[in-house]
Amino acid sequence: MTLTVRDETASGAVTHELMLEGLAESVTVRELIRSRYLIAYKAADFEPNGKYRTVHITAEKSGHRMQVHARKGYFARVESPQQK
């Protein structure tokens, strides 16, 4: 299936075209964006030192790799004097 995005001017020019695999021939925008998830975890070796930690997330459904949009990493929080 090809998802075509057009601008809202009178010309209706195509702004983007994306190939989407594994979708029905007809899909609404609501159906397309309904599957959003929040993933949270705490690293087993977590240290509150302010260093950058990388994150890699993959997802599969019915043997097909899903497209994931996520941050590449985060900065670990720094322990405040009150937490010591």
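Summary table
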| item | result |
| --- | --- |
| Residues within the range 43-63 that are loosely packed, with under 10 Cβ neighbours inside 10 Å and either assigned to a strand (DSSP E or B) or among the acidic types (Asp, Glu) (or both), tallied | 5 |
| Residue 72 touching a Ser or Thr at 6+ places or on another chain (Cβ under 8 Å) and at pLDDT 75 or above | yes |
| Whichever residue in the range 75-84 is modelled with pLDDT of 85 or more and in a loop (DSSP other than H, G, I, E, B) and, among such residues, is surrounded by the most Cβ atoms within 10 Å (Cβ to Cβ) | 76 |
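Quick grid of which residues meet (1) among the aromatic types (Phe, Trp, Tyr); (2) touching a Cys at 6+ places or on another chain (Cβ under 9 Å); (3) at pLDDT below 75; (4) assigned to a loop (DSSP other than H, G, I, E, B):
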site	(1), (2), (3), (4)
12	no, no, yes, yes
16	no, no, yes, no
23	no, no, yes, yes
32	no, no, yes, no
35	no, no, yes, yes
41	yes, no, no, yes
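The values are calculated or read from the model by the stated rules, or taken from the named source; none is laboratory data. On a predicted model such as this, the values are computed, not experimentally measured, just so you know. Here Cβ is always computed from backbone atoms with ideal geometry, including for glycine, and neighbour counts include all displayed protein chains.
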